[in-house]
Amino acid sequence: MIEKINNYLEEAKEFVATSLDEIETFRIQFMGKKGIINDLFSEFKNVPRENKKDVGQKLNELKVSIQEKINSLKENLGDKSEDNSDIDMSLPGDPLKQGTRHPISIVRNEIIDIFKRLGFTISEGPEIEDDWHVFSALNFPEEHPARDMQDTFFIEKNPDILLRTHTSSVQVRIMENTHPPIRTISPGRVFRNEAISARAHCIFHQVEGLYIDENVSFADLKQTLLYFAKEMFGEKTEIRLRPSYFPFTEPSAEMDVACNICGGKGCNVCKYTGWLEILGCGMVDPNVLDSCGIDSKKYTGFAFGMGIERITMLKYGIKDLRLYFENDVRFLDQFKSVL
Ligand code: PHE
């Protein structure tokens, strides 16, 4: 029997495995319920008493060395990282969640597309501006409330530097550097020192437009904005223009679209008027053209500016604009289908 055990010891010593499956087969062969070692222990009962000590020692030696062999086989296999034989390549991978565009980006891109079709170019400028481009060139009187600390974020050490309150500043830069005809829109982020509520935020996004050429009229402005409203909100969309005031346009107007949240009946979003103001507009004041080096006797132009947040609210029935900044995926995920 000792010789038999020696043979098994020899066999085990020479055994090599290339996968966990092979090691497992080896383990069952020796250590399984009906394996070699259990068989040998059964046989051991019949060994004559005088040999029991030697055979018993040998048997234990076999048991221990088989266990050690299994451990070392497993360790070796783990070290060989290039051996993938125990990896199931058919298992599904970890899902990678697809991101979505922010609703503000979706609507900004839509606005840009509509005006591109009318031949408008896109212009951009700095968010940190100087007084000239945000106010002075745009005919703001010295005492205008928009220049007040309450509306504008100024840089403390130099009140000439401020965060732009509208992207009209980009249009000043364009007028200073371009000969008419000019037809451009300026999308971008703007800043106003306002209390945050469902309808107002201190950071929001605008698209402002400017069209300057010979003989540009208020009728051109109205038709351009009507086209925009119909493209944006549907063919049946109604608009209305109300007289207004801006330092940089004369005459000035504000444009409303019928509130599609309440269908014109009145709700807290449209302040129970049935209409939602979406933009300001007007004919560029000759003083502005002159400040920017454009001959106001030869050229006229119109300008308009809209808040993207407000338009997105109207388009998707969003009631609180704070949702745009919270980045709650339950809100953002709803815009998957409009990617
Ligand atoms: N700049 C104005 C605003 O931010 C919008 C506007 C632009 C109004 C052009 C008239 C003409 O509110």
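The table below lists the values:
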{"quantity": "From Pro180, Pro243, residue being in a loop (DSSP other than H, G, I, E, B) and either within 14 Å of the ligand (Cβ to nearest atom) or open to solvent by less than 50 Å² (accessible area, probe 1.4 Å) (or both)", "calculated": "Pro180"}
{"quantity": "Pairs with Cβ under 8 Å, 6+ apart, first in region 237-251 and small (Gly, Ala, Ser), second in a strand (DSSP E or B)", "calculated": "Ser244/Ser252; Ser244/Ala253; Ser244/Glu254; Ser244/Gly280; Ser244/Gly282"}
{"quantity": "Candidates Asp160, Asp151 - the one that is of a type outside the set (Val, Ile, Thr), in the same structural domain as Val288 (by TED's automatic domain parsing), farther than 24 Å from Phe115 by Cβ and within 12 Å of the ligand (Cβ to nearest atom)", "calculated": "Asp151"}
{"quantity": "Subset of region 222-240 (residues that are loosely packed, with under 15 Cβ neighbours inside 10 Å, part of a loop (DSSP other than H, G, I, E, B) and not acidic (Asp, Glu))", "calculated": "Gly234, Lys236"}
{"quantity": "Any hit, region 186-198, residues being over 31 Å from the mean Cα position of the chain (by Cα) and away from the ligand (no atom under 11 Å from the Cβ)", "calculated": "no"}
{"quantity": "Pairs with Cβ under 8 Å, 6+ apart, first in region 277-306 and part of a helix (DSSP H, G or I) and open to solvent by less than 10 Å² (accessible area, probe 1.4 Å), second away from the ligand (no atom under 14 Å from the Cβ) and at pLDDT 95 or above", "calculated": "Leu289/Asp295; Leu289/Ser296; Leu289/Tyr299"}
{"quantity": "Selection within region 279-311 - within 11 Å of the ligand (Cβ to nearest atom) and of a type in the set (Val, Ile, Thr)", "calculated": "Val284, Val288"}
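The rows are residues; the columns are (1) of a type in the set (Lys, Arg); (2) touching a residue at least 12 places away in the same chain (Cβ under 8 Å); (3) open to solvent by 60 Å² or more (accessible area, probe 1.4 Å).
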site: Leu9; (1), (2), (3): no, yes, no
site: Arg27; (1), (2), (3): yes, yes, yes
site: Gly32; (1), (2), (3): no, no, no
site: Glu43; (1), (2), (3): no, yes, yes
site: Asn46; (1), (2), (3): no, no, yes
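The values are calculated or read from the model by the stated rules, or taken from the named source; none is laboratory data. Keep in mind it's a predicted model, so treat the numbers as computed, not measured. Every residue, glycine among them, receives a Cβ derived from its backbone with ideal geometry; neighbour counts consider all protein chains shown. Accessible surface areas use protein heavy atoms only, side chains included; no ligands, DNA or RNA. Shrake-Rupley method; radii C 1.70, N 1.55, O 1.52, S 1.80 Å.
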